[in-house]
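The values are calculated or read from the model by the stated rules, or taken from the named source; none is laboratory data. Worth saying up front: this structure is predicted, and the values here are computed from it rather than measured. Positions of Cβ are backbone-derived with ideal geometry, glycine not excepted, and every protein chain shown enters the neighbour counts. The area values use the complete protein model at the heavy-atom level, side chains included, leaving out ligands, DNA and RNA. Shrake-Rupley method; radii C 1.70, N 1.55, O 1.52, S 1.80 Å.
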Amino acid sequence: MGRKFRLALWLLSRSFASMLGIALVVSIVTLALIGPWIVPYPDHVAGGIDLANKLQPPSAAHWFGTDEVGLDILTRVIIGARVSLLVGVAITLSAAAIGVPLGILAGLLGGPVREAIMRLTDLFLSVPGLVLAIALVAALGAGIVNAMIALILVWWPGYVRLAESKALSIRSEPYIEAARVAGASTARILWRHVLPNSLSPLIVKMSMDIGQAILAVASLGFLGLGARPPTPEWGAMISIARGYLPEWWWYAIFPGAFIYAAVLGFNLLGDGLRDILDPKSNRG
């Protein structure tokens, strides 16, 4: 295991893009973990008003400037990292927890079970993801929790497709047949054989989907369907800031830069993991 880990690190270190992705992801995660203890104005997280300092440009006192009510943008952007990261990870893990078992069952059992699962999956995939998420949030009501529920319902079909295709390629392998002959239950075959051999593409997809989930949450926040004030969420901040462009440019550019960095970081990390975990896709 140690040798494989060292080999993986060596392969990652050969790629500038992968190392950049790791650096960005580590930075975002670090900010999310220690943000509440390092922000310069912790009392600005819960809202409030300081009109005497509204829309101040970046300065020594406010590195990212202030917003329309005088709150420190750096503070709110850093705390927003925790909100966005937690939401992105929660959406991805929940979608995988729903989609992966269904996909593996569909691929392993086949027949009517596969037909029912895949037709339901096709039904969700037939509607563009963001459009479906907007419709679901509109039905459930605006808010970060409802936005998460909507995006989980949008995200799980992708995991069904991936897990089903992997299970189909595995179920005819000799060790699966041997397990059946030995009397292993379907649940045991799923847990001990199919799932471990399906992990590589799933890990890659999940690493990329965290960034895409962060972007999707920000998109819903931008439309006014995500986090509600005073929660510091990047998309909601940009939604308000667009009314102050271009004169007060710093209000929008810093939350936007953090969204860009988070999505880029997870995408580059996913590319690096794909090169390690799936050698057939290694682009050299």
Check: Which one is modelled with the highest pLDDT among residues in the stretch 265-284 that are small (Gly, Ala, Ser) and on the phi < 0 side of the Ramachandran plot?
Finding: Gly265
Margin query: Condition first: in contact with a Leu (Cβ under 7 Å, 6 or more places away or on another chain) and part of a helix (DSSP H, G or I). Can you find one or more residues in the stretch 172-182 that meet it?
Written below: no
Next item on the list: Mind telling me which of the residues Leu245, Leu223 ends up being among the aliphatic types (A, V, I, L, M) and either exposed (fewer than 13 other Cβ atoms within 10 Å of the Cβ) or modelled with pLDDT under 75 (or both)?
Entry: Leu245
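Name the single residue that is modelled with the lowest pLDDT among those in the stretch 152-181 being among the basic types (Lys, Arg) and within 19 Å of Gly103 (Cα to Cα).
Step one: filter the stretch 152-181 for residues among the basic types (Lys, Arg), giving 161, 166, 171, 180.
Subset that is within 19 Å of Gly103 (Cα to Cα): 161, 166, 171.
Numbers: Arg161: 89, Lys166: 81, Arg171: 70.
My answer is Arg171.
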Check: On the given criteria, is Ala213 in a helix (DSSP H, G or I), touching a Ser or Thr at 6+ places or on another chain (Cβ under 9 Å) and either within 30 Å of Leu136 (Cα to Cα) or open to solvent by 40 Å² or more (accessible area, probe 1.4 Å) (or both)?
Finding: yes
Note to self: If Ile149 meets every condition in (1) out of contact with any Lys or Arg (no Cβ under 9 Å at 6 or more places or on another chain); (2) within 30 Å of Ala81 (Cα to Cα); (3) modelled with pLDDT under 90; (4) open to solvent by 20 Å² or more (accessible area, probe 1.4 Å) apart from one, which number is that one?
What the structure shows: (3)
Check: So which of Ala262, Ala218, Ala252, Ala187 ends up being surrounded by fewer than 23 Cβ atoms within 10 Å (Cβ to Cβ), in a helix (DSSP H, G or I) and modelled with pLDDT of 90 or more?
Finding: Ala252
